[in-house]
Amino acid sequence: MPRSNRRRREPDDDSLDRLLSGWKRTEFRRGTEWTVQPISASQAQKDYTCPGCGRRIPPATAHVVVWRADGVLGDAADLAARRHWHSACWRIA
């Protein structure tokens, strides 16, 4: 099969940023802006407690990490206050 000489399309900056940030997104819930970042099962290496249901999120379980995106104390404080949620618990919260 002959080799194609077409140039490969470079990804635009938005898709590259999204890939590097782990598909992190912003959501609005009850008048508050939240940053939501999915964690794959292979990335989940510790035990967490879901604030939605109070149950354990064991290692190797896909879930989301959530923190305020519009806190008054700044980004560092918001990131320090992040919480790990079961994906289903966050969807219904």
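The values are calculated or read from the model by the stated rules, or taken from the named source; none is laboratory data. Keep in mind that this is a model prediction, so the values were computed, not measured. Quick reminder, even Gly has a Cβ in these numbers, built from the backbone with ideal geometry, and neighbours come from all protein chains shown.
The table below gives the values:
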| item | result |
| --- | --- |
| Filter pass, Asp47 being over 11 Å from the mean Cα position of the chain (by Cα), at negative phi and modelled with pLDDT under 95 | no |
| Looking only at region 30-43, and only at residues there that are within 30 Å of Val72 (Cβ to Cβ) and hydroxyl-bearing (Ser, Thr, Tyr), the one that is surrounded by the most Cβ atoms within 10 Å (Cβ to Cβ) | Thr35 |
| Residue count for region 44-61, restricted to those that are surrounded by 14 or more Cβ atoms within 10 Å (Cβ to Cβ), outside any strand (DSSP E or B) and out of contact with any helix residue (DSSP H, G or I) (no Cβ under 7 Å at 6 or more places or on another chain) | 3 |
| Single unsatisfied condition, Ser87 versus (1) modelled with pLDDT under 95; (2) in contact with a strand residue (DSSP E or B) (Cβ under 7 Å, 6 or more places away or on another chain); (3) small (Gly, Ala, Ser) | (1) |
| Total residues in region 62-80, condition surrounded by 12 or more Cβ atoms within 10 Å (Cβ to Cβ) and either farther than 21 Å from Arg25 by Cα or hydrophobic (A, V, I, L, M, F, W, C) (or both) | 8 |
